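The values are calculated or read from the model by the stated rules, or taken from the named source; none is laboratory data. These figures come from a predicted structure and were not determined experimentally. Backbone-built Cβ (ideal geometry, glycine too); neighbour counts: all protein chains shown.
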Amino acid sequence: MASLKSVKGTYDLLPKEKATHRHVYETSRDVCERFGFNEVTTPIFEFSEVFSRTLGETSDVVTKEMFSMETKGGDKITLRPEGTAGVCRAFISNGLQQETPVKHFYYGPMFRYERPQKGRQRQFHQVGVELIGVETPQADIEVIAAGYQFLKELGFADDVCLELNSLGDSESRAAYRDKLVAYFSQFEDKLSEDSKNRLQTNPLRILDSKDEGDKELVKDAPVLTDCLNEASLTFYTEVKKGLDLLGVPYVENPRLVRGLDYYCHTAFEFTTTTLGAQGTVLAGGRYDNLIKMMGGPQVPGVGWASGVERLALMSAEDKAELPRPICIIPVSAAQQEEALKVAHQLRVNGFVVDQGYSGNMKKRLNRANKANALAAILLGEDELARGAVTVRDLESGEQSEVALDGLVDHLAKFKA
């Protein structure tokens, strides 16, 4: 029993770390609600097909990283590796087509079987938004602006860079695919085994290869922007114009792509170097064909997701404070019952209250200081006989005798 520990790739969120996570989540929810996104929660597991369809049967996530199992009834289910698929499945299952535009925000744990590293675990958390049912650039602009404002209110505006690209429409992507195949076919013998397979199935995924030899070849590969038709260029120009209008800074990255066919037009990532090597902290794009591919109606969508663990690493821990209590300290055991009543009265009236459960007054005061308490209420025999208690402000050190029936009003400045 002494050797019990958490499963590899998982970790415990103790109060201080949880407070940092909560700060990230509550900031995201606050910003997203101001942008008109309402919170939804989808199941932690779905039928495996939900993810194999949306992430691609041959993707690394599906072939190597999904936590999948078979139920006693023979159903194949998977712990969700990301949030978009579940939100889109919910859109179809609940018949929300008549309610578009649908604007959802989500937060929760995700699961991927990958090598644990700094800011990346097998159970991790994401916040994200999905705007479903709007085909115009206005949706892309609003979604990106919400992501930027979220990072800005966390204090990261100077630490992140928004990278932007256009994937174009299906016609543009088909033209680009042909160019990629022609280019990489010249160097097929130099490609990694994975990329040789991708050359026939999905050449765009070669651009994301981690193989060093592939990376060298990618440097001179054609870029998608050279293949954009007039409609795609117009869409991209409108997105950039809208971001300029809102003062959202960005750099264009013609190498930023998405390997799956349902993605189109806008692709974007907020990256940072504050975590060591350049890393992505928020990423998204437009996926006009995803819901139809899942068996639903033809409805456009655009959204983003952000890893809470990475944002928590970027956050200074002292920014997220635990609640500061008022401590109730009976001078002796004889006042314990009265202390219980006073604590309950204050809690009912909205105060954060901690009870010293045992020890003399000195020990309880030390514990109050360790808990970063705002005030201590001392219950002595003589004061209680007069219907009063002593309130000590632990910030200033000042103390005064306060009547019990006026205690709630007196402590108003300490209310959470």
Got a sec? Which of Leu384, Leu379, Leu346 is surrounded by 12 or more Cβ atoms within 10 Å (Cβ to Cβ), within 16 Å of Gly406 (Cα to Cα) and touching a Pro at 6+ places or on another chain (Cβ under 8 Å)?
-> Leu379
Could you grab the pairs with beta carbons closer than 8 Å, sequence gap of 6+ or different chains, first residue in region 1-28 and without any contact (Cβ under 8 Å) to a residue 12 or more places away in the chain, second one hydroxyl-bearing (Ser, Thr, Tyr) and not in a helix (DSSP H, G or I)?
-> Asp12/Ser6
Restricting attention to region 198-205, does a residue exist that is aliphatic (A, V, I, L, M), crowded, with 17+ Cβ neighbours inside 10 Å and under 16 Å from Pro254 (Cα atoms)?
-> yes
Listing of strands (runs of 3 or more DSSP E) fully contained in region 311-416 that carry 3 or more residues being free of Cβ contacts under 8 Å to residues at least 24 places away in the same chain and in contact with a helix residue (DSSP H, G or I) (Cβ under 7 Å, 6 or more places away or on another chain) | 388-393
Taking region 180-217 and keeping residues hydroxyl-bearing (Ser, Thr, Tyr) and without any contact (Cβ under 8 Å) to a residue 60 or more places away in the chain leaves Tyr183, Ser185, Ser192, Ser195, Ser209
Only one of Ala343, Ala320, Ala339, Ala334 is closer than 30 Å to Gln121 by Cβ and not charged (D, E, K, R), namely Ala320
Name the single residue, out of those in region 119-146 being farther than 11 Å from Val302 by Cα and in a helix (DSSP H, G or I), that is farthest from the chain's Cα centre (by Cα).
-> Ala145
Residues of region 181-197 satisfying the condition of being surrounded by fewer than 22 Cβ atoms within 10 Å (Cβ to Cβ) and either of a type outside the set (D, E, K, R) or in contact with a strand residue (DSSP E or B) (Cβ under 6 Å, 6 or more places away or on another chain) (or both) | Val181, Ala182, Tyr183, Ser185, Gln186, Phe187, Leu191, Ser192, Asn197
Conditions: (1) touching a residue at least 40 places away in the same chain (Cβ under 8 Å); (2) farther than 19 Å from Leu162 by Cα; (3) in a loop (DSSP other than H, G, I, E, B); (4) assigned by TED's automatic domain parsing to the domain that holds Asp159. Val257 meets all but one. Number of the miss?
-> (2)
Of all residues in region 224-233, which are surrounded by 12 or more Cβ atoms within 10 Å (Cβ to Cβ) and outside any loop (DSSP other than H, G, I, E, B)?
-> Leu224, Thr225, Cys227, Ala231, Ser232, Leu233
Looking only at region 330-338, decide whether some residue is among the polar types (S, T, N, Q), closer than 19 Å to Leu407 by Cα, touching a Pro at 6+ places or on another chain (Cβ under 9 Å) and modelled with pLDDT of 85 or more.
-> yes
Do the conditions hold for Thr41, that is, is it among the β-branched types (Val, Ile, Thr), in contact with a Gly (Cβ under 9 Å, 6 or more places away or on another chain), assigned to a loop (DSSP other than H, G, I, E, B) and surrounded by fewer than 18 Cβ atoms within 10 Å (Cβ to Cβ)?
-> yes
Scan (1) assigned to a helix (DSSP H, G or I); (2) modelled with pLDDT of 95 or more; (3) crowded, with 22+ Cβ neighbours inside 10 Å; (4) β-branched (Val, Ile, Thr) for the single condition Thr54 breaks and write down its number.
-> (2)
Within region 133-153, residues touching a Ser or Thr at 6+ places or on another chain (Cβ under 6 Å) and crowded, with 22+ Cβ neighbours inside 10 Å come out as Asp140, Phe150
Counting just the residues of region 354-386 that are within 12 Å of Pro330 (Cα to Cα) and of a type in the set (A, V, I, L, M), which one comes out farthest from the chain's Cα centre (by Cα)?
-> Leu384
Exclusive hit being among the polar types (S, T, N, Q) and without any contact (Cβ under 8 Å) to a residue 12 or more places away in the chain, set Gln123, Gln98, Gln138 | Gln98
So Leu313, is it among the hydrophobic types (A, V, I, L, M, F, W, C), crowded, with 23+ Cβ neighbours inside 10 Å and not assigned by TED's automatic domain parsing to the domain that holds Asp393 = no
Being touching a residue at least 24 places away in the same chain (Cβ under 8 Å) and more than 19 Å from Phe150 (Cα to Cα) is the filter here, so list the residues in region 267-285 that pass it.
-> Gly276
